[in-house]
Amino acid sequence: MHAARFTDGATTLLAIRESDGWLPADPQPDSILDLLSTDGGARSANDPIGGGYRPTVPFRPPRNIMCLGKNFREHALEFAAYSADSESVPTHPIVFTKAPEALCGAEDTIEVRRDGAGALDYEAELAVVIGRAGSTIPRERALDHVAAYTIVNDVTARDIQERHRQWFLGKSLPRATPIGPSLVTPEELGALDELRITSHVNGELRQSAVLGDMIFGVAETIARVSALVPLCRGDIISMGTPSGVGIGFSPPRFLEDGDTVVCAIEGIGELRNVVRIIDPEEEP
């Protein structure tokens, strides 16, 4: 199943992708997680969603989004070169969090205040949506706890990240982290390892890898995280980004006002967002 939330600015609809397009779920469930848990019993209305609707944030997790750092070997090496990190490739998952308020939709404008946009970077990532709570989950049963997969652009203010040493502030700029465009159930997506993940900036390919290049896969990550912190229904785990981020270039190639960033994963779709740098007096 492909499930998504759409809005026209006044009304929000939960929808299922069918052969003839996106159709509203009928009846409308309370949340997209409820729609995903219908075990094939979901039904859609007859009329597709109209052109005035656009994808919005599928849902906001009940607590902070968990993210993996340096989970692709080549990205770990490029980041170590920038940060002079003594450990280039991690031997254990590096886990940090970002605020749910950082999320925005798959076609929304990424609006960032000028004082947070001096070193703005993109990071295409696979995100895992937890559908069943659990702790100390065995690796061989970890995928049973996955409700769906989606895409995250883990937009990062590198200067803030460096200044504060911890990553939370630089990763949590309000409404600057696109997610979506839909949630795709595991049986629909199939095996992950050969699926390609990419990012483009203004049409130029910046990142390209297969998900099998991750150092810690989905099952191992769920097992390791849940051994220490119980997972809740609705948790999101963003699995890290491949090499090719802006900070990996010499000189760095950070995002600027007007740039278009497209992050995509085969079988899920794409995020397409324009960057807008705003001055404080422009804020609503």
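The values are calculated or read from the model by the stated rules, or taken from the named source; none is laboratory data. As the structure is a computational prediction, the values presented were derived from the model and not from experiment. As a convention, Cβ positions derive from the backbone with ideal geometry for all residues, glycine included, and neighbour counts pool all protein chains shown.
Some notes on this structure:
- Within segment 148-204, the set of residues being small (Gly, Ala, Ser) and under 30 Å from residue 18 (Cβ atoms) comprises 148, 180, 182, 190, 191, 199.
- Selection count, segment 107-130, where residues are of a type in the set (Gly, Ala, Ser) and modelled with pLDDT of 95 or more: 2
- Some residue of segment 223-231 being within 17 Å of the chain's Cα centre (by Cα), in the same structural domain as residue 274 (by TED's automatic domain parsing) and hydrophobic (A, V, I, L, M, F, W, C): no
- Check on residue 213, assigned by TED's automatic domain parsing to the domain that holds residue 121 and either among the hydroxyl-bearing types (Ser, Thr, Tyr) or within 25 Å of residue 17 (Cβ to Cβ) (or both): no
- Just so you know, in segment 60-106 the residues that are acidic (Asp, Glu) and modelled with pLDDT under 90 include one that is nearest to residue 156 (Cα to Cα), and it is 78.
- Residue list for segment 5-20, filter: over 19 Å from residue 60 (Cα atoms) and surrounded by 11 or more Cβ atoms within 10 Å (Cβ to Cβ): 17, 18
- Of all the listed residues (141, 113), the sole one being within 19 Å of residue 225 (Cα to Cα) and basic (Lys, Arg) is 141.
- Each residue in segment 99-130 was checked for being buried (at least 20 other Cβ atoms within 10 Å of the Cβ) and either aromatic (Phe, Trp, Tyr) or within 16 Å of residue 237 (Cα to Cα) (or both), and 11 pass.
Rundown of residues vs (1) among the charged types (D, E, K, R); (2) closer than 27 Å to residue 1 by Cβ; (3) touching a Gly at 6+ places or on another chain (Cβ under 7 Å), yes/no style:
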| site | (1), (2), (3) |
| --- | --- |
| 181 | no, yes, yes |
| 184 | no, yes, yes |
| 195 | no, yes, yes |
| 205 | no, no, no |
| 209 | no, yes, no |
| 214 | no, yes, yes |
| 218 | no, yes, no |
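- Residue tally, condition within 14 Å of residue 247 (Cβ to Cβ) and in contact with a strand residue (DSSP E or B) (Cβ under 6 Å, 6 or more places away or on another chain), over segment 158-183: 4
- Filtered by the rule that a residue be under 24 Å from residue 114 (Cα atoms), crowded, with 24+ Cβ neighbours inside 10 Å and out of contact with any helix residue (DSSP H, G or I) (no Cβ under 7 Å at 6 or more places or on another chain), segment 176-208 gives 178, 179, 199.
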